[in-house]
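Enquirer: Before I ask anything, here is the structure I am working with.
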Amino acid sequence: MMNHYDKASGQADEFICHEEIIDTIGYAREHADDRALAEEIISKAALGKGLTHREAAVLAECRDAGLTEKIFSLARELKKRIYGNRIVMFAPLYLSDWCVNGCVYCPYHAANRHIPRKRLSMEEIRREVIALQDMGHKRLAIESGEDPKHSPISYILEAIDTIYGTHHRNGSIRRVNVNIAATTVDNYRLLKEAGIGTYILFQETYNRHDYERLHPSGPKSDYAWHTEAMDRAMQGGIDDVGLGVLFGLESWRYDLVGLLMHAEHLEAKFGVGPHTISVPRICPADDIDAGAFPDAVPDDVFCRIVAIIRLAVPYTGMIISTRESERVRAKVLELGISQISGGSRTSVGGYAEDLTDKTAQFDISDRRTLDQVVSWLIDMGHIPSFCTACYREGRTGDRFMALAKRGKIADCCQPNALMTLMEYLQDYASAPTREKGMELIARELRNIGSDRVRELTGERLAEIREGKRDFRF
């Protein structure tokens, strides 16, 4: 069969070429024991310029324990080089579970009669936002099922305006990322005008045959429309986009290669790769049995996937949700993850009232409060960051990428992380978390390289303790 791979093409079947993926997996397996080739690829990755999907696939097949440790060690080093020890905090906010699609792995599918259907009113959204603000959150990712009647673009835009307009005590949501169904260029333009941060859309799987089997009905069943969504988002002016697959729906090898090809495509066509990559795994939920998916990914392979993505796309932010346990999250934080959720609810209206997850999209493994997650991160030497400065200072798209690829984003991120952590400690933290957090800030302040930035950061930290808010570099 002819290989029609063209990473700069606008056609889904060309920039995500099935034949190229199969060839790549075969090539990687053939070279699984080629130590010299693996060492060469690892040396290239150490430059921090990334890897091709084929090079990454070779490393994914390495069976040598020594090489595996080199891969993991380099992933730790690259993550620290670009993002330091900061971990950005966020929470999902589910607006509606009404959905017209037939996705067989999601409890929101239209045929599910067990789940109560709900769409938040604007007043309910305000209550959810206040509850999230009272935890300390500054960054949300809004989620909604696809339903042109119950959640049209006008509803999403009104929800965004409501979120940004809701202020409670010292609380405010400063960045709203959006994870909604693939839409039109005109609608993406409206989302951009509404001031969203990142547009996020999970591919679920890049295998067209399996994609169509898993999405038997509804607008999402159109593979090309869904896969080409990021192109339309870019055309609509959204220059921060977030990729992701649901590992376990298809062979992880196939989807890892497809994911990296998608990142290469965005670079080739728009000059800007994905701002974030998410790595969810299939898990149980109402009306869904994760055991029905034989390609479920074990923990050791999952850790390898995270490390390989960090080597291949070193500049991207990597996101992990509360699907994963505390133990797994601790492992992958070291290997490349730079953003995590905390205190999350995956049910519609689950923050303002206890719904016992009656409308949850998936089971949560890490059920700790935000304060417990912040305390845990501090104990591990990470800086929990509530920073939203890049988006608000216009450091998006190619401007952000230029800094990240040169390892210069830390010049802004380190002081911003410390200042937003100070806000959290003053306004929301428990006494034990506040005490250890203050010690962390004092220690990390000394690590800011620029004398002037260090001095200015110290001054602003003092002002935050006196009650002022929202400083940023």
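Taken together, the values in this text are just the output of simple stated rules run on the coordinates, not laboratory data. Computed from a prediction, not measured in an experiment: that's the story for all the values here. Quick reminder, even Gly has a Cβ in these numbers, built from the backbone with ideal geometry, and neighbours come from all protein chains shown.
Enquirer: Determine the dipole magnitude for segment 385-473: charges of +1 sit on the beta-carbon of Lys and Arg, -1 on that of Asp and Glu, nothing else is charged, the reference point is the Cα centre, and the result goes in debye to the nearest 20. The partial results should precede the final answer.
Expert: Details: 17 positive and 14 negative charges, 69 e Å.
The dipole magnitude comes to about 320 debye.
Enquirer: Additional query: At 0.36 nm per residue, minus the direct Cα-Cα distance, what do GLU123 and ALA268 gain on full extension? Give it in nm, one decimal, please.
Expert: Contour length minus Cα-Cα distance gives 47.9 nm.
Enquirer: Run the simple label-point estimate for ASP470 and LEU157 please: 7 Å along Cα→C-beta, distance reported in nm.
Expert: It works out to 2.4 nm between the two label points.
Enquirer: Let me ask something else. Go ahead and run the numbers for FRET between ASP6 and ASP411, Cβ-Cβ distance against an R0 of 30 Å, rounding to 0.05.
Expert: Step by step, r from the Cβ atoms, then E = 0.20.
Enquirer: What nm value, rounded to one decimal, do you get for the distance between ALA36 and ARG327 when each label is placed 7 Å out toward the C-beta?
Expert: 4.2 nm
Enquirer: Can you give the calculated 222 nm mean residue ellipticity of the chain, where each DSSP H run of n ≥ 4 adds -39,500 (n - 2.57) and the sum is split over every residue, rounded to the nearest 500 deg cm²/dmol?
Expert: Taken over the chain, the calculation gives -14500 deg cm²/dmol.
Enquirer: Which pairs in the list LYS138/LYS405; LYS44/LYS70; LYS138/LYS220; LYS149/LYS220; LYS149/LYS269 are over 24 Å apart, alpha-carbon to alpha-carbon?
Expert: LYS138/LYS405; LYS138/LYS220; LYS149/LYS269
Enquirer: Then there's this: Would you please state which residues of segment 120-145 a label at GLU353 would reach in this model, taking the label point 7 Å out along Cα→Cβ and a backbone N cut-off of under 15 Å?
Expert: 120-129, 131
Enquirer: On to the next question. Quick one: which residues, 5+ away or cross-chain, put their amide H under 5 Å from the amide H of SER365? H built at 1.01 Å from N.
Expert: ARG323, GLU324
Enquirer: Can I ask one more? If you keep only loop residues by DSSP, which GluC sites (Glu not before Pro) in segment 368-473 have at most 14 other Cβ atoms within 10 Å of their Cβ? Don't skip to the answer; put the middle values down first.
Expert: Details: sites: GLU393, GLU423, GLU435, GLU439, GLU444, GLU455, GLU459, GLU463, GLU466; in loops: GLU393, GLU466.
Counting only loop positions with at most 14 other Cβ atoms within 10 Å, the GluC sites (Glu not before Pro) in segment 368-473 are GLU393, GLU466.
Enquirer: Quote the charge dipole size of the chain about the Cα centre in Debye, to the nearest 20; the model charges only the Cβ of Lys and Arg (+1) and of Asp and Glu (-1).
Expert: Dipole size: approximately 1540 debye.
Enquirer: Among (i) 1.11; (ii) 0.97; (iii) 0.95, only one was calculated for this model; which label is it, if the read-out is Rg/Rh (Cα atoms, Kirkwood Rh)?
Expert: (iii)
Enquirer: Using Cα pairs under 8 angstrom and six or more residues apart, how large is the relative contact order of the chain, in percent?
Expert: 19 percent
Enquirer: What is the local net charge at GLU77, summed over the other residues whose Cβ is closer than 13 Å to its Cβ (Lys, Arg +1; Asp, Glu -1)?
Expert: For residues surrounding GLU77, the net value is +4.
Enquirer: Among GLY458, THR396, PRO116, which residue has its Cα positioned farthest towards the positive end of the charge dipole of the chain, with +1 placed on the Cβ of Lys and Arg, -1 on the Cβ of Asp and Glu, and the dipole taken about the Cα centre?
Expert: GLY458
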